[in-house]
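The values are calculated or read from the model by the stated rules, or taken from the named source; none is laboratory data. Fair warning: this is a prediction, and the values are worked out from it, not measured in the lab. In this analysis, Cβ positions are derived from the backbone assuming ideal geometry, glycine residues included, and neighbour counts consider all displayed protein chains. Calculation scope for accessible area: heavy atoms of the full protein, side chains included, ligands and nucleic acids excluded. Shrake-Rupley method; radii C 1.70, N 1.55, O 1.52, S 1.80 Å.
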Amino acid sequence: MTTKRFWVGTGWKMNKTFAEAEAYARILQSCDFSPFSNLNIFIVPPFTVLARVADMVKDTPVMVGAQNVHWENSGAYTGEISAPMVRDTGATIAEIGHSERRALFGETDDTVRMKVNAALAAGLRPLVCLGDTAAERDAGASAEAAVRQLKIAFRDVAPERIGHCIVAYEPVWAIGTGGTPATPDQIDDVHRAVRGALVGRYDDAGRDVPVLYGGSVDLSVARSLVPIASVDGLFVGRAAWTAEGLIRIATTFAEMRASLS
């Protein structure tokens, strides 16, 4: 019987100079990862340092992802980065559909779908972000909003490829400095709905897709989510913008998960 592996990762957003990114990666280079045998750990730096960070951590278990990809492989798209370009840096994950991309840069459910297809075609693992707004939460439509985004994002994904994808539930109202983390019950409700949609579409293959939670995650939130079976991991923000913070949360999550098994 295969032991289920859980995921702990962080996105750096528009933060870190070259020197700061190298300093973070050096700490990961010297980290003892043996306590994390039940975890997949990943970081998502900005494009300016993506290749350097991927190279620095290539001999560690840490996976590296990009914060976005374009849906075309090449062309007249000034300022954009394609999935093959991302793969060429050594990164293996592509974060797609973050609420900030949707709200500030015109990302839509359909462009998310096209980017998922492009990422998979390039051999990247799509990390698809889903999230409800405060209005949708207040209307009791959190799960419906997340499932709608999920169904469109994976509309073209065949059953044999869905296990290569990751989902992160990140409520819009829980992200950023003014965010309030969702309660365990709120998270469980949405994660169960997302899993139900995946299984409904992909049968057993839908059970293999990790469903992570992100949104004002700190040590306290991490501890509260460990016992929830529907949570397959954490997508952490500012609490893991230091390597020590990432390691601290990963250690807590790994130890508590191990104690439950």
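Could you tell me which of rounded, prolate or oblate describes the chain, using a ≥ b ≥ c as the square roots of the eigenvalues of the alpha-carbon gyration tensor, with rounded for a/c under 1.5 and, failing that, prolate when a/b is larger than b/c and oblate otherwise? In terms of gyration-tensor shape, rounded.
Using Cβ point charges alone (K and R +1, D and E -1), the dipole size of the chain about the Cα centre works out to roughly 240 debye. Amide H contacts for residue 125 (H built 1.01 Å from N in the peptide plane; partners 5 or more residues away or on another chain; cut-off under 5 Å): 93, 94.
The trypsin sites (Lys or Arg not before Pro) of region 114-207 meeting both criteria, a DSSP state outside H, G, I, E and B (loop) and at most 14 other C-beta atoms within 10 angstrom of the site's C-beta, are 155. Between 227, 171, 45, the residue with the greatest mean-square fluctuation in the GNM of the chain (Cα pairs under 10 Å linked by springs) is 227. Between 178, 131, 65, the Gaussian network model of the chain with springs among Cα atoms under 10 angstrom shows the greatest mean-square fluctuation at 178. Solvent-accessible surface of protein heavy atoms, probed at 1.4 angstrom with all chains present, puts 71, 241 in the order 71, 241, largest first.
Computed extension length for residue 160-residue 14: 49.2 nm, one decimal, from 0.36 nm per residue of separation with the Cα-Cα distance subtracted.
Taking amide H as placed 1.01 Å from N in the peptide plane, residue 39 has its amide H under 5 Å from the amide H of 6, each at least 5 places away in sequence or on another chain. For the options 141, 158, 76, a Gaussian network treatment of the chain with springs between C-alpha atoms closer than 10 Å singles out 76 as fluctuating the most.
Taking every Cα-Cα distance in region 46-200 and sorting them into 5 Å bins from zero, the calculated P(r) comes out as 2, 9, 18, 20, 19, 15, 11, 5, 1, 0 percent.
Derived from the Cα gyration tensor, the three semi-axes of the equivalent ellipsoid of region 1-99 are 25, 17, 11 Å, largest first. Note on region 124-175: Rg/Rh from C-alpha atoms, Kirkwood Rh, equals 1.04. Looking at region 128-261, the accessible area is 42 square angstrom per residue; that uses a 1.4 Å probe and ignores ligands, DNA and RNA. Of the DSSP H helices in the chain, those that are both long (alpha-carbon extent of 24 Å or more along the helix axis) and hydrophobic (Kyte-Doolittle mean at least -0.5) are 243-260.
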